[in-house]
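The values are calculated or read from the model by the stated rules, or taken from the named source; none is laboratory data. Every value quoted in this text rests on a predicted model; they were computed, and no experiment measured them. Don't worry about glycine lacking a Cβ; one is built from the backbone with ideal geometry, like all the others, and counts go over all protein chains shown. Note: accessible area is taken over every heavy atom of the protein model, side chains too, but ligands, DNA and RNA are not part of it. Shrake-Rupley method; radii C 1.70, N 1.55, O 1.52, S 1.80 Å.
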Amino acid sequence: DFFYKIHIFIRLFNDICHIQDYVGIGYVRDSSDSVGKTVTFNGGSVTENEAEYGGGVCVDGLITLSIGSVEIAENTAVNGGGVCLLNKADIEFGKGQIKNNNAKVKAGTPAFQTAWQKEIDEVAGLGGGLYLSSGTVLAFTDIDELGLFGNFADSGGDEIFANGKDTKVTLPVVTDMN
């Protein structure tokens, strides 16, 4: 019930401010009070949203988002269908799933050959599950109850697309695929 009320508040806020056209329903951005801090999101789901960056969740700036027991599914964005990390953001993803999200090229957008040294607004259709820009960090912290599957990107990186200098991805060690 609490999550539902917060979800409705965020959706109403986004509709009023038109921020959802640009970033996903869960938008975490640093401010003078939050730089270097961790925001925790435990439980619930982020589904069926559309945005330019991070259809489900967008983390922007010097802040860490810690996610646990969350489903991010069936979202669509130009880059980062499920999750988008920008401007040195960090994300720690524990239990949960990032599934069936899409990174779509807009109709009429010209095809490109590489994302090398390109800014996020110069590329499209990357990172169906997750898009990571320069200097961002992604760490998966719980492999026992983690799902990353069924994501699709028109241009590249169906599950994860990591781009740029100092971008880091820590993948779990998988010993059993049951």
**Asked** For THR64, which of the numbered conditions (1) out of contact with any Lys or Arg (no Cβ under 6 Å at 6 or more places or on another chain); (2) more than 23 Å from GLU122 (Cβ to Cβ); (3) modelled with pLDDT of 90 or more fails to hold?
**Response** (3)
**Prompt:** Taking the range 44-68 only, how many residues are more than 11 Å from ASP90 (Cβ to Cβ) and out of contact with any Phe, Trp or Tyr (no Cβ under 6 Å at 6 or more places or on another chain)?
**Reply:** 14
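Strands (runs of 3 or more DSSP E) wholly in the range 42-97 with at least 1 residues that are open to solvent by 10 Å² or more (accessible area, probe 1.4 Å) and of a type in the set (Asp, Glu) - which ones?
Passing ranges, in order: 50-53, 57-60, 70-73, 90-93.
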**Asked** Going through the range 138-156 one residue at a time, which ones are open to solvent by 10 Å² or more (accessible area, probe 1.4 Å), within 15 Å of GLY94 (Cβ to Cβ) and of a type in the set (A, V, I, L, M, F, W, C)?
**Response** ALA139, PHE140, ILE143, LEU146, LEU148
